[in-house]
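Peer 1: Before I ask anything, let me first share the structure, which is written out below as structure tokens.
The values are calculated or read from the model by the stated rules, or taken from the named source; none is laboratory data. Small disclaimer: the values here were computed from a predicted structure and weren't measured. Glycine also receives a Cβ, built like all others from the backbone with ideal geometry; neighbour counts cover every protein chain displayed. All accessible areas refer to the heavy atoms of the entire protein, side chains included, with ligands and DNA or RNA removed. Shrake-Rupley method; radii C 1.70, N 1.55, O 1.52, S 1.80 Å.
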Amino acid sequence: MPLLQWDQAFLVGVDKIDADHRVLVELINELHEQLKHSAPRTGIINRFAELYSHVTKHFAHEEAIMRSRNYDQYEVHQADHQSLLDEITTIMCDWEGNSGVNSEATTKRLYDWFSQHFQTHDARLHKLREFVE
Ligand SMILES: [Fe+2]
Ligand SMILES: [Fe+2]
């Protein structure tokens, strides 16, 4: 069973954003499976890199939307994005350095962060867009 079940509650009502969010969920689940089954090191490093790349592109897209709309919660939303990027970087460095990363805790942390972020910061941002587009 996947770690992070897609939930209707994650939907923000903008197709491109919901599709991006689904990809992020799938990548976390794939990473979770690889870590759990001690997959080859190269595969795990590649999966982390793939996740990081998708996350940075998605965040850049949302931040451009916020700037173009003078969004009132830009700073707090962007700070939440940055905190996750910093955290993923730390996890990747710890893992590459073999400093005892707990794979369950790692993917659970990503799960918690995304499910919260989708339903709070992203829900507010994208639901507001319905009224202006
Ligand atoms: Fe966001
Ligand atoms: Fe998002």
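Peer 1: Checking Arg69 against (1) farther than 19 Å from Leu4 by Cβ; (2) modelled with pLDDT of 95 or more, which test does it fail?
Peer 2: The one condition Arg69 does not meet is (2).
Peer 1: Do the conditions hold for His77, that is, is it open to solvent by 30 Å² or more (accessible area, probe 1.4 Å), within 14 Å of ligand 2 (Cβ to nearest atom) and within 18 Å of Arg124 (Cα to Cα)?
Peer 2: The answer is no for His77.
Peer 1: Another question, then. Take the residues of segment 81-113 that are open to solvent by 40 Å² or more (accessible area, probe 1.4 Å) and within 16 Å of ligand 2 (Cβ to nearest atom): which is farthest from Leu35 (Cα to Cα)?
Peer 2: Residue satisfying both the conditions and the ranking: Gln82.
Peer 1: Another one. Within segment 57-74, take every residue that is among the polar types (S, T, N, Q) and not in a helix (DSSP H, G or I) and give me the one that is surrounded by the most Cβ atoms within 10 Å (Cβ to Cβ).
Peer 2: Residue satisfying both the conditions and the ranking: Gln73.
Peer 1: Then there is this: Need the failing condition index for Thr42 against (1) more than 12 Å from ligand 2 (Cβ to nearest atom); (2) surrounded by 11 or more Cβ atoms within 10 Å (Cβ to Cβ); (3) in a helix (DSSP H, G or I), just the number.
Peer 2: If we test Thr42 against (1) more than 12 Å from ligand 2 (Cβ to nearest atom); (2) surrounded by 11 or more Cβ atoms within 10 Å (Cβ to Cβ); (3) in a helix (DSSP H, G or I), just (2) comes out false.
Peer 1: If the Cβ limit is 6 Å and pairs must be 6+ apart or interchain, which residue in segment 104-128 that is β-branched (Val, Ile, Thr) pairs with which residue that is crowded, with 16+ Cβ neighbours inside 10 Å and not in a helix (DSSP H, G or I)?
Peer 2: From residues that are β-branched (Val, Ile, Thr), the pairs are Thr107/Leu3.
Peer 1: I'd like the full set of residues that are assigned to a helix (DSSP H, G or I) and open to solvent by less than 30 Å² (accessible area, probe 1.4 Å), limited to segment 3-37.
Peer 2: Phe10, Ile17, Asp18, His21, Leu24, Val25, Leu27, Ile28, Asn29, Leu31, His32, Leu35
Peer 1: Do we find a residue being open to solvent by 50 Å² or more (accessible area, probe 1.4 Å), within 14 Å of ligand 1 (Cβ to nearest atom) and without any contact (Cβ under 8 Å) to a residue 12 or more places away in the chain anywhere in segment 48-56?
Peer 2: no
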